[in-house]
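Below is one structure, written out as structure tokens; comments come after it.
The values are calculated or read from the model by the stated rules, or taken from the named source; none is laboratory data. Note that the structure is predicted; figures quoted are calculated from it, not measured. So basically every Cβ, Gly included, is an ideal-geometry build from the backbone, and we count neighbours across all protein chains shown. We work out accessible area using only protein heavy atoms, side chains counted, and drop any ligands, DNA or RNA first. Shrake-Rupley method; radii C 1.70, N 1.55, O 1.52, S 1.80 Å.
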Amino acid sequence: MTEEASQFRQYRYAPPPGGTVILLVRHGESAPAVEGVEGPMRDGHTDPPLDPVGEAQALRVADRLASYPLDAIYVSKLQRTQQTAAPLAAKLGIEPRINPDIHEVGLGEWEGWKFRKYVAAHDPIAVQMFTEQRWDAIPGAESNDQFAARLKAGFGRIHAAHPDQRVAAFVHGGVVGMTMSIATGMNPFGMIGADNGSISEIVVMGDQWVVRRFNDTAHLEDF
């Protein structure tokens, strides 16, 4: 009788032992800037609430992730992430935790709506920022290195607290982009276009970060 030949199936990714799966959820659309009005601030950072569109996006995120096994929910100190996380937190009965290091990049003199206005106007500094791919082209803004170090510390603490677990972190567009840069080694601004309410995913194991998805918007197709 001929013995059955050994079979070697295609490799299917699994998080390494001790790894932490982190879903990076960009907050929903925030309130628009208004000409002549200073944006709301918190601790030196622009802190607008969600727009009604953003509130609807938050509900879609909650529906999408309600059946996903999560052990914790993290938010930044800024209200747009907390408001986006609230519907999911209510569904799962999980109290969100504020992580002080995962807020948006510091924009220096362009906080308080100025960033949106100057970028929309193609201000020369905005053009320089995108051309040179560095935030600190803006006077007083965080450098790429400072921003990356802050995120490494913040996500490092999440990993240390949740080995072999899955968490959701409600964050900002700049945070998603820099996280992708850290994980892949690509250009700092190579993936800063994550949509509001989108889901990206990394696996953190110490200094090794693996990207599993980017800008998943399947739950937002009609927005």
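Please tell me if residue 104 is open to solvent by less than 50 Å² (accessible area, probe 1.4 Å) and within 30 Å of residue 163 (Cα to Cα).
Against the criterion (open to solvent by less than 50 Å² (accessible area, probe 1.4 Å) and within 30 Å of residue 163 (Cα to Cα)), residue 104 qualifies.
Of 92, 78, which residue is among the hydrophobic types (A, V, I, L, M, F, W, C), crowded, with 17+ Cβ neighbours inside 10 Å and either on the phi > 0 side of the Ramachandran plot or in contact with a strand residue (DSSP E or B) (Cβ under 7 Å, 6 or more places away or on another chain) (or both)?
One residue alone meets the criteria, 78.
Can you find even one residue in region 26-44 that is of a type in the set (Val, Ile, Thr) and out of contact with any strand residue (DSSP E or B) (no Cβ under 9 Å at 6 or more places or on another chain)?
Yes, region 26-44 has at least one match.
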